[in-house]
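To keep things clear, I will list the structure first and then write my remarks on it.
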Amino acid sequence: MYEVIVIGAGPAGIAAATQLGDRGIEVLVLEKGTRVLGALRQVNPRMKLLTPVCLSTLHGMRVETPSRDYLNFGELIAELEVFVRERAVQVQLQAEVTKVERSGQHFVVTLQGGQQLESRYLVDASGMIDTPHIPPIFERWLNAPTTRCVHSLDVRSEDLATARRLLVVGGSTSGFEVIEFWDKVRPHDAKAWMSTRGFPVAVPHRILGIDIHYLLYYPEKLPAHLPLVHRLFDNEKAIGLRALSTFAKGVVKVVPEVKRLDGDKAYLTDGRTLNPDLIVLATGFEHSAWHLGRTVKRDSKKRPLTSNCESTELPDLFVLGTKFSRNLASSFLRGIARDAQVVADRIASRRT
């Protein structure tokens, strides 16, 4: 039996393993892919992180700051790989968890193929990147021959460089990032639309020259259990105004929701019809963690209900990397790093 099993070898899983290891606790990390950081590798490696380097690392990582202050995802993965090797994190690859059960004072984790492992504590760090949210009306268009349709996770610069009529569905940060990237590589006569339920709202990336993430350092530590926190922050606010200049030029127009798709046409709720040659779904992700089954209660967005990263239903089951696990920053690298310390401290305090 292991003391702790961690599900997922992404940033959250690595953070948990290293923090627990620092406290002398035996850890096994299970990763369903063939490499660590498998889900993170799906992101466009050229896409730049919004947060500065010092807020984009895990505790103990030594990152040589590049000539710019922000890493892209390719650079982040390279740095995390070095960190995993240096810390000798024990990872069992191709170990997909199919079921988690509580048996007395320990957990039984079943892998695909039937192998079962037991642990005293369990940390679910399976994340959300593996489960992009696809609105039902777009599902059958993902592989349609008439119009290219991809989730923002899968779009690449070569896709955007040839898009003359781009339709971005969703007004979140990822939607603005797609528009910004497209504006750099698009054909000169190209145009785009952003389809949202309301007018998209973006907050400045910098205020008086200061990155907004530094200004959010204390507000984002508000406890997640406060009702007002959920009401104000459950819907993501886009960060960054650089893409808004593209809107100001008239190259991008805001349009209402897509009602249906037919052939190469997108029909909007206001009666207008668009003919995009590329549809990018900036519709976010879901925290499925289906292997947890009905052992945990979930909120309206399928996220396991937690208090300070611990399941409200199952003591000794911890969740990392999910929005509101502990506070507003829990789904971001800076929050994951802090939450991993809290989880490791709580497990260490319970050891007999």
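Laboratory data are not the source of any read-out in this text; all were calculated from the coordinates shown. Small disclaimer: the values here were computed from a predicted structure and weren't measured. With ideal geometry, Cβ positions are generated from the backbone for all residues, glycine too; neighbour counts draw on all protein chains shown.
Which entries of K99/K259; K184/K259; K259/K301; K32/K301 show an alpha-carbon separation above 27 angstrom in the structure shown? Exceeds cut-off: K99/K259; K184/K259. Each stretch of four or more DSSP H residues adds -39500 (n - 2.57); spread over every residue of the chain, this sum gives -6500 deg cm²/dmol at 222 nm.
Charges were assigned to the Cβ only: +1 to each Lys and Arg, -1 to each Asp and Glu. The resulting dipole of the stretch 101-201 about its Cα centre is roughly 360 debye.
Sort the following peptides by mean Cβ neighbour count (other Cβ atoms within 10 Å, averaged over residues), highest first: 250-263, 72-85.
Highest to lowest by the protection proxy: 72-85, 250-263.
Beta bridges assigned by DSSP with both partners in the stretch 7-120 are antiparallel in approximately 80 percent of cases.
I need the fraction of alpha carbon pairs in the stretch 103-166 separated by more than 15 Å, rounded to a whole percent. The calculated P(r) of the stretch 103-166 puts 70 percent of pairs beyond 15 Å. The distance from the alpha carbon centre of the stretch 161-194 to that of the stretch 286-352 is 35 Å, rounded to a whole number. Under Stokes-Einstein, with the Kirkwood radius over Cα pairs as Rh, the value for the stretch 27-82 at 37 °C and 0.692 mPa s is 267 µm²/s.
Measuring how big the stretch 61-139 is from its alpha-carbon positions, Rg and Dmax come out at 18.1, 53 Å.
Based on Cα contacts under 8 Å between residues 6+ apart, the stretch 43-83 shows a relative contact order of 53 percent. The order of the peptides 269-279, 43-53 by mean Cβ neighbours within 10 Å, most packed first, is 43-53, 269-279.
Just to verify a number: FRET efficiency for Y217 and A88, C-beta to C-beta distance, R0 = 51 Å, to 0.05? According to the calculation, E is roughly 0.95. Comparing V342, V319, V203 in a Gaussian network model of the chain where C-alpha atoms under 10 Å apart are linked, the largest mean-square fluctuation is found at V203. Dividing the mean sequence gap of close Cα pairs (under 8 Å, 6+ apart) by how many residues the chain holds gives a relative contact order of 21 percent. Secondary structure note: in the chain, about 45% of the DSSP beta bridges are antiparallel. Applying D = kT/(6 pi eta Rh) to the stretch 251-332, where Rh is the Kirkwood radius over alpha-carbon pairs, T corresponds to 37 °C and eta to 0.692 mPa s, the Stokes-Einstein value obtained is 207 µm²/s. Computed about the Cα centre, the dipole magnitude for the chain is approximately 740 debye when only Lys and Arg (+1) and Asp and Glu (-1) carry charge, each at its Cβ.
Here's the picture: charge each Lys and Arg Cβ at +1 and each Asp and Glu Cβ at -1 in the stretch 296-345, and of A329, T306, V319 the one pushed furthest to the positive end of that dipole is A329.
If you plug the beta carbon distance of T98 and R206 into 1/(1 + (r/R0)^6) with R0 = 45 Å, you get a FRET efficiency near 0.50. How big is the C-alpha Rg of the stretch 120-208 next to the rule-of-thumb value 2.2 N^0.38 Å, as a ratio? Normalised Rg, Cα atoms only: 1.32. Note on K265: lysines with a C-alpha under 24 Å away, same-chain residues under 8 apart excluded, are K191, K253.
Over the stretch 1-149, what per residue volume does the convex hull of the Cα atoms give, in whole Å³?
Enclosed volume per residue, from the Cα hull, is 150 Å³.
The relative contact order of the stretch 1-137, computed from alpha carbon pairs under 8 Å that lie at least 6 residues apart in sequence, is 35 percent.
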